[in-house]
1. What FRET efficiency, computed as 1/(1 + (r/R0)^6) with R0 = 22 Å and r the Cβ-Cβ distance, is obtained for Gln346 and Arg421, rounded to the nearest 0.05?
2. Below 14 angstrom from the Cβ of Ala8, what's the summed charge of the other residues (Lys, Arg +1; Asp, Glu -1)?
3. Contour minus end-to-end for Ser92 and Ala7, with contour as 0.36 nm per residue of separation and end-to-end as the Cα-Cα distance?
4. For Leu332 paired with Ala176, estimate the spin-label separation in nm (one decimal), with each label point 7 Å from Cα along the Cα-to-Cβ line.
5. Quote the FRET efficiency, to the nearest 0.05, computed for Ala250 versus Ala339 with a Förster distance R0 of 41 Å and r equal to the Cβ-Cβ distance.
6. What distance in nm separates the simple spin-label points at Leu499 and Arg126, each placed 7 Å from Cα in the Cβ direction?
7. Of all alpha-carbon pairs in the range 194-341, indicate the percentage at a distance above 17 angstrom.
8. Cα atoms only: what Rg and Dmax, in Å, come out for the range 1-180?
Amino acid sequence: MRRLALAALLAGVAVAFADSSIVVLALPALLGQFGGSIGSVSWVVSAYNLALALVALAYARGRLRSLDARRATWIGSLVFLVASVACALAPSAWTLVSFRAVQGAGAALLLVGALPLIRRLARTPRRGTALWAGAGVFGAALGPALGGALTEVFGWHAIFLAQAPVAVLTLGAALALRGRSVDLPALEPPAGKRRHAASLALALASAALVGLLFLAVVQLIDVWRLTPLAAAAAVSVIPLATLVAQPFAARLRSGAPVAGAILIAAGLAGMGFVPEKNVLWVVAALAIAGAGLGLLLPGLTQRVLDDAGPSTAGAAHTVWIRHAGLVAGILLLTPLLAADLTTAGQNAKLRGVAVVLDAPVSFTAKTKLALDVAPLLTDSGRRELPDFAATLAPRHDPALTRVGRELDDVVQATITRGFRRSYLAAALLGLLALVPLALLGNGDARRRAPRAAAVALAVAIALVGAELARGAQAYGARPAVAPPCAERAPARASQGQQLAIEGLDFLACRLHKTREQLLLDTAGWLRSKLNG
């Protein structure tokens with residue numbers, strides 16, 4: 001009975017943490033069903049994390065201290081259960097967002113109350129804390145893969161329905177423990193820079209995970225057009241690498257969080273410097289970051305809990321810090337990604353037009369090609385990337401089919417490059433966690449901090465070198481616009497088209513020179529008037 005209750009509580013903790021990112025792979029399906037904008041549908045993710053952080057913060061500040069561990073767990077499980085079923089039956093996007101917020105509030109109570117219960121059910125309290133932290137890390141890493149698999153096989157409703165049985169088990173375990181004294185007294189967290197350093201490191205690491213759990217998923221599905229199941233298979237390497245790396249965290253001790261932060265940053269930088277549409281490269285980068293996740297979060301969570309106290313208050317402090325970091329990462333990276341994707345979209349249009357102009361087809365076919373492709377390139381209201389190959393396939397023309405594939409490659413490469421700064425910003429957040437981590441160790445750990453920074457710099461240089469060696473600098477590069485009067489390389493066109501292009505180049509050059517001469521004449525006239 002004791003082991004069953006412990007397993008049920010750990011499953012509930014894992015699912016509550018997994019829900020932070022479990023819906024990401026289902027966002028395209030939600031967008032297709034409910035419509036609206038990408039921003040409105042993305043609140044399905046943000047509402048859960050924001051509500052969870054706020055309720056946990058209220059508990060940590062003493063607003064909900066009247067709830068002991070048992071009551072917090074069974075009330076949170078019940079709210080989580082009801083909200084999960086309501087999410088599966090939601091008739092609109094904003095209804096779903098509202099139920100997700102309720103689900104997040106229930107998850108906060110579940111997570112806060114489960115820690116003292118798990119500590120008493122485990123062999124030792126220290127083992128219980130490690131199990132609680134480990135279940136949270138594995139759940140967060142598993143979220144995207146689990147959500148993608150359920151969406152592909154059963155539909156997005158299955159994501160929420162599948163959580164209901166777990167919530168029932170957690171509720172049953174909490175109710176079965178009623179009458180047993182399992183709560184721990186709330187401890188006041190000690191003051192000092194060391195406690196604040198641990199919390200800051202956890203917040204920065206959680207913010208960096210936005211690049212790992214959200215940006216990578218959006219790139220695989222919305223840009224590279226992988227199915228949810230294929231994307232789930234790719235990101236499943238994250239929880240696998242996390243599981244493999246966790247046993248090494250105990251051996252590395254205080255060095256594990258430092259090594260984990262460096263590996264997370266390295267994996268995110270690898271995603272930013274992807275040299276081509278290469279899923280194996282992505283899997284390798286995600287595996288590196290997943291290993292870093294397994295080294296960083298368990299030990300760091302344990303440290304925050306040691307400082308804040310292994311009670312409901314300590315759990316609340318840890319949970320709200322972690323999810324506040326996630327929300328902060330979303331708020332920081334989303335505007336940056338949106339701005340870069342807007343610029344990438346403009347570049348993709350220019351490069352797409354260049355592909356059409358240089359297409360080795362007849363003038364008549366090129367005109368029809370332009371009529372088919374132009375609306376796809378200029379439609380700013382599209383919710384997904386256009387599929388040029390599918391658009392041109394009904395023509396049954398091998399040349400046009402090749403042009404369609406080239407357009408797809410060009411546009412995907414350009415949009416993929418738009419993710420680069422966001423990935424690097426997430427990697428920087430991971431590296432910034434090294435600063436507070438340096439304050440947590442002893443003198444030896446502080447002396448190792450510059451060494452860790454040197455390792456991080458070496459990893460960054462190696463990644464840039466790998467990019468240059470593979471020619472990634474050209475992948476999705478900005479379109480090169482030649483000067484008006486520069487020599488043009490021969491186009492892949494017929495003789496008539498080549499003459500037309502040369503004629504346009506001649507006119508552009510003359511207009512450019514005329515404009516320059518007009519500007520010079522105007523400037524001379526103004527100087528004469530001012531001097532006169």
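None of the figures in this text is laboratory data; all of them are computed from the coordinates on show. Just so you know, these numbers come straight off a predicted model, no measurement behind them. Cβ coordinates were reconstructed from backbone atoms using ideal geometry, including for glycine residues, and neighbour counts include every protein chain displayed.
1. Numbers: r = 16 Å, r/R0 = 0.71.
Between Gln346 and Arg421 the formula returns 0.90.
2. Details: positive: Arg2, Arg3, Arg70; negative: none.
Neighbour charge sum, excluding Ala8 itself: +3.
3. On the way: separation 85, 0.36 × 85 = 30.60 nm, distance 3.48 nm.
Result for the pair: 27.1 nm of gain on full extension.
4. So the label points at Leu332 and Ala176 sit 4.3 nm apart.
5. Numbers: r = 42 Å, r/R0 = 1.03.
Approximately 0.45, to the nearest 0.05.
6. The modelled label-to-label distance comes out at 8.8 nm.
7. Numbers: 6784 of 10878 pairs.
Cα-Cα pairs of the range 194-341 separated by over 17 Å account for 62 percent.
8. For the range 1-180, the Cα-based Rg and Dmax read 15.9, 50 Å.
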